[in-house]
Amino acid sequence: GERGRAVANRAAQRVREGQSLSSSLGETKLVPDLAIDMIQVGEESGALAAMLSSVADFFEEEVNAKLTTLISIVEPLVLVIMGCVIAFILIALYLPLFSFA
């Protein structure tokens, strides 16, 4: 949101003033510690671009794993809810037929 943008802008300003990217991001508390450690290693080894790519891949895999877990939980719940809706519609349609008998 707006707060995150302001914090990121402050971190960018610190980098322009000569601080390292890892320390600037570390002060924001927006980036996980693991990512900051990986960025610091990339800065020290001179392979920052490759390390940023590795960070992105790692967290993308983590998000995909969490999404898969969430879908496996939500899918049966949606099926049960749809079953209840269909059962309600069927009862609403057939109940008047049986009440005339």
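The values are calculated or read from the model by the stated rules, or taken from the named source; none is laboratory data. This structure is a prediction, so every number in the text was calculated from the model and none was measured. Counting neighbours? That spans all protein chains shown, and the Cβs are built from the backbone with ideal geometry, glycine included. SASA here: full protein model, heavy atoms, side chains in, ligands and nucleic acids out. Shrake-Rupley method; radii C 1.70, N 1.55, O 1.52, S 1.80 Å.
Can you work out the FRET efficiency for the pair residue 20 and residue 60, with r the C-beta to C-beta distance and R0 = 25 Å, to the nearest 0.05?
0.55
Report, please, the projected area of the stretch 34-89 averaged over directions, based on the convex hull of its C-alpha atoms, in nm².
Over all viewing directions, the stretch 34-89 projects a mean Cα-hull area of 4.7 nm².
Please grab the % of Cα pairs in the stretch 1-98 that end up more than 16 Å from each other.
Cα-Cα pairs in the stretch 1-98 separated by more than 16 Å: 71 percent.
In whole angstrom, how far apart do the alpha carbon centroids of the stretch 3-22 and the stretch 31-48 sit?
15 Å
Once the whole set of protein chains is in place, how much accessible area is left on residue 2, using a 1.4 Å probe, in Å² to the nearest 10?
The accessible area comes out at roughly 130 Å².
Using the heavy atoms of the protein chains alone and a 1.4 angstrom probe, what is the accessible area of the stretch 1-54 per residue in square angstrom?
Heavy-atom SASA per residue in the stretch 1-54 reads 66 Å².
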